[in-house]
């Protein structure tokens with residue numbers, strides 16, 4: 001494919017970069033609003049209608065702030081990691097079908113599910129590097145907590161992601177999404193529930209928001225960051241949250257596919273995608289609000305003693321169910 | 001004098017014989033036994049044997065001109081017995097009692113800082129309250145101290161930042177405070193951590209020490225009332241009540257019964273909003289922000305009642321020498337009762353939550369365990385002691401205000417962990433609601449205040465009040481003028497802070513905030 005207008009539009013505007021960033025900020029607003037209402041607070045109200053522009057205002061404000069690099073940080077890595085983690089999360093997003101197809105149409109290959117999950121892990125590693133390069137005790141502890149937590153939930157997350165792939169008989173994420181006449185969340189709810197739990201850990205949300213537990217280690221890996229680097233680090237975290245929710249939508253909720261009532265399918269698919277994603281974010285915020293933060297040792301124990309065996313079990317159960325379900329044509 | 005006090009006096013004169021120089025009475029009816037500077041430990045030993053739960057309540061220093069008087073206020077059988085001794089000012093040295101009473105550690109360091117008394121045999125007699133660069137031979141609470149413009153440069157620029165940055169070997173040194181999100185107020189805790197495990201803790205307080213005790217000597221008794229109220233915003237009524245009761249004891253006046261009931265009312269409202277603040281804060285520390293927001297919303301109810309009653313939300317300025325400042329209007333009683341009923345229902349919900357929420361229990365159960373023995377050794381007070389199964393409460397031991405007539409229970413838990421300390425407070429809120437309901441039903445009619453003279457006759461008094469954080473101790477000495485000679489304040493957090501080292505060492509770094517907050521530390525109190 002040549003570098004034509006449509007490709008540039010897809011990558012840069014919709015459903016590519018601009019859409020992803022703006023949608024991330026919208027989701028951030030939704031999260032803050034939900035959390036605030038659950039906690040008997042107002043949440044953002046001032047900037048824009050019902051405060052919807054608040055995340056954008058926060059981002060722009062941080063961009064204008066002074067950029068301080070502490071003298072004894074490992075300079076190169078410290079400066080680079082915010083951009084690297086941000087871009088790797090956005091890059092991963094480009095592979096997910098948002099309006100029926102993904103932004104880079106030609107890069108829709110067999111096995112991209114593994115590729116996407118790997119990219120997510122690598123992007124997490126950049127977060128670790130950002131803390132590790134800060135040479136601040138709080139950052140160092142935050143960074144090691146990112147890795148310790150990653151060891152716990154990454155394997156269960158991979159295992160659980162293969163259950164939908166098995167049902168769809170495909171490792172292509174678009175194919176998995178499009179093969180769900182009935183959402184896999186209803187077909188294999190146990191995997192769905194476990195995946196949401198593992199995802200909470202991946203996204204560092206309560207009860208797993210250990211790497212940046214502010215009452216223990218200040219800002220965790222973000223502690224030494226200021227100004228535009230902090231802005232990008234925070235945006236990267238927000239993109240990660242949306243990305244995590246998007247993977248749930250693709251794997252368990254039928255992706256962007258849904259009824260097309262009239263007009264362009266692109267519009268309807270994007271709408272379904274957005275609505276499903278918001279639903280996932282509501283679930284995730286609900287969990288955040290009703291739990292206290294666990295301790296890192298408790299999380300490691302929980303991951304290896306419960307989450308891992310349970311995900312293996314759920315994979316076995318899925319295979320058993322799949323062998324029985326798939327022959328019934330039309331079900332899947 | 002009660003039977004116990006008679007017994008103790010008899011026992012002391014039996015054991016010490018001629019070593020007793022003098023026996024005097026501190027108002028109201030408290031024994032004070034003077035011994036010479038060599039036999040104070042014998043006297044303390046004799047006292048400690050009378051009660052296994054005995055402990056040091058406070059250590060007061062008083063400048064007598066040529067000598068410095070040290071008063072060891074020992075809590076035994078729920079009452080205070082004072083052992084007094086004098087050391088010469090020029091050569092102020094005395095044997096440390098930390099080997100007898102572990103909890104005397106911080107008390108002695110405070111007196112060493114403020115009076116320049118050297119405690120021989122103290123394990124760690126470093127600066128606790130004064131800044132590192134404070135002049136070496138300037139002791140603020142001595143009467144002859146010139147502290148208008150202290151020559152700080154004389155001591156050089158001593159900075160503690162060098163020791164902070166050094167990590168020794170395997171251990172990483174993490175400084176919690178003076179500025180840290182977990183501490184609202186500035187104090188410093190140096191933690192040596194090995195991975196996620198805390199190996200060693202070194203607390204340092206005094207960052208916002210305001211010299212209230214010194215300032216109180218320069219003001220009249222009525223002005224001091226406003227001063228001591230500002231020692232702690234949260235338990236301001238407790239400070240005011242404790243000071244007023246001490247001054248009233250020296251004056252020998254009796255407060256009208258209605259004032260006693262109204263004092264009980266404001267003290268319990270104080271306790272409720274302090275405990276609710278703490279429980280919400282505990283939620284925040286373990287990452288449970290929803291609990292934090294809910295608790296603080298309900299706390300507003302109490303604040304509104306305080307405002308209705310006193311005109312102010314926080315610093316009430318309600319209690320005054322001779323009674324209270326404002327009367328309780330009849331028409332507000334049903335309003336307060338309705339709000340109490342609503343709060344009582346909510347406390348049931350919170351109790352269910354505290355007992356059943358899995359993540360909250362995982363973070364607080366078996367975290368920061370303080371055994372009963374340690375609690376007694378470290379002389380902790382209030383909910384911290386009651387959470388470790390020590391049954392002590394000044395409201396029962398030496399009833400003041402209307403507590404003698406009010407039925408209520410002392411809440412104790414035996415677990416000694418963070419969860420138990422929080423549960424003590426949660427249950428105490430319910431008890432407070434009952435007390436407030438009783439007070440509102442039974443408040444007698446009559447005057448709510450009497451006039452008292454401004455000049456206070458010479459005398460000494462000690463007084464204790466059960467503040468939300470535990471036993472609050474005041475010693476007031478009058479020299480027959482309108483200005484006090486000495487006001488000593490021992491706040492509950494000062495007595496409790498040492499136990500933090502005990503409960504957090506060997507624990508997880510993630511448990512430091514959770515166990516720390518369960519002590520309900522108030523540094524504004526600690527740094528008087």
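Each reported figure results from applying straightforward, stated rules to the coordinates on display, with no laboratory input. The structure presented is a predicted model; accordingly, all values stated were derived computationally and were not measured. Ideal geometry is used to build each Cβ from the backbone, glycine not excepted, and the neighbour counts take in all protein chains shown.
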(request) List B:299, A:295, B:386 from most exposed to least, where exposure is judged by having the fewest other Cβ atoms within 10 Å. (result) B:299, A:295, B:386
(message) Along the Cα→Cβ direction, 7 angstrom out, place labels at residue B:90 and residue A:283. What is the inter-label distance in nm?
(response) 8.3
(request) Give the residues of the stretch A:236-254 whose amide nitrogen is closer than 16 Å to a point set 7 Å from the Cα of residue A:320 in the direction of its Cβ. (result) none
(request) Normalise the Debye intensity by I(0) for chain A, one equal point scatterer per Cα, no solvent, then take log10 at q = 0.12 Å⁻¹ and round to two decimals. (result) -0.87
(request) Note the full-extension length gain between residue B:434 and residue B:327 as 0.36 nm times their separation in residues minus their Cα-Cα distance, in nm to one decimal. (result) 36.4 nm
(request) Just order A:35-43, B:414-422 by mean Cβ neighbour count inside 10 Å, highest at the front, would you? (result) B:414-422, A:35-43
(message) Please compute, for the alpha-carbon atoms of chain B, the extent along each of the three principal axes and give them in descending order in Å.
(response) 64, 62, 48
(request) Could you check which residue among A:75, A:170, A:124 shows the biggest mean-square fluctuation in a GNM of chain A with a 10 Å Cα cutoff? (result) A:75
(request) Take the Cβ-Cβ distance between residue B:67 and residue B:185 as r, set R0 to 45 Å, and report the resulting FRET efficiency rounded to the nearest 0.05. (result) 0.80
(message) Just checking the output field for B:506-515: average partner chain Cβ neighbours within 10 Å of each residue's Cβ?
(response) 4
(request) Could you please state, rounded to a whole Å, how far the C-alpha centre of the stretch A:158-176 is from the C-alpha centre of the stretch B:427-492? (result) 72
(message) Calculate log10 I(q)/I(0) of the stretch B:3-120 for q = 0.09, 0.10, 0.11, 0.17 Å⁻¹, where I(q) comes from the Debye formula with a single equal point scatterer on each Cα and nothing for solvent.
(response) -0.21, -0.26, -0.32, -0.79
(request) Work out how much length residue A:42 to residue A:271 would gain on full extension: take 0.36 nm times their residue separation and subtract the Cα-Cα distance, in nm to one decimal. (result) 79.7 nm
(request) Mind sorting A:301, B:324, B:517, A:218 by how few other Cβ atoms lie within 10 Å of their own Cβ, fewest first? (result) A:301, A:218, B:517, B:324
(request) With the Cα gyration tensor of the stretch A:97-194 in hand, give its eigenvalues times 5 under a square root as the equivalent ellipsoid semi-axes, listed largest first in whole angstrom. (result) 32, 17, 10
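Across every pair of different alpha-carbon atoms, what Kirkwood hydrodynamic radius in Å does the protein assembly as shown reach?
On the way: mean 1/r = 0.0329 Å⁻¹.
That comes to 30.4 Å for the protein assembly as shown.
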(request) Have a look at the DSSP beta bridges in the protein assembly as shown and tell me what percent are antiparallel, nearest 5. (result) 90
(request) Report the residue, chosen from A:60, A:167, A:113, that carries the largest GNM mean-square fluctuation when chain A is represented by alpha-carbon nodes joined by springs under 10 Å. (result) A:60
(message) For the pair residue B:210/residue A:52, report the inter-label distance in nm, with labels modelled 7 Å from Cα in the Cβ direction.
(response) 4.8
(message) As an exercise, use a Förster radius of 25 Å and the Cβ-Cβ distance of residue B:355 and residue B:297 to find the FRET efficiency, rounded to the nearest 0.05.
(response) 0.75
(message) Looking at the calculated P(r) for the stretch B:247-394, what percent of the C-alpha pair distances fall above 20 Å?
(response) 61
(message) If each residue of separation counts as 0.36 nm, what is the full-extension length gain between residue A:9 and residue A:313 once their alpha-carbon separation is subtracted?
(response) 105.1 nm
(message) Given a 10 angstrom Cα cut-off, can you work out which residue in A:48, A:255, A:322 is the most mobile in a GNM of chain A?
(response) A:48
(message) For a quick check: sort A:269, B:483, B:288 by the number of other beta carbons within 10 angstrom, fewest at the front.
(response) B:483, A:269, B:288
(request) Using R₀ = 45 Å, calculate the FRET efficiency as 1/(1 + (r/R₀)^6) where r is the Cβ-Cβ separation of residue B:342 and residue B:29; round to 0.05. (result) 0.60
(request) Taking 7 Å along the Cα-to-C-beta vector as the label spot, tell me the residue B:307-residue A:190 distance in nanometres, rounded to one decimal. (result) 5.5
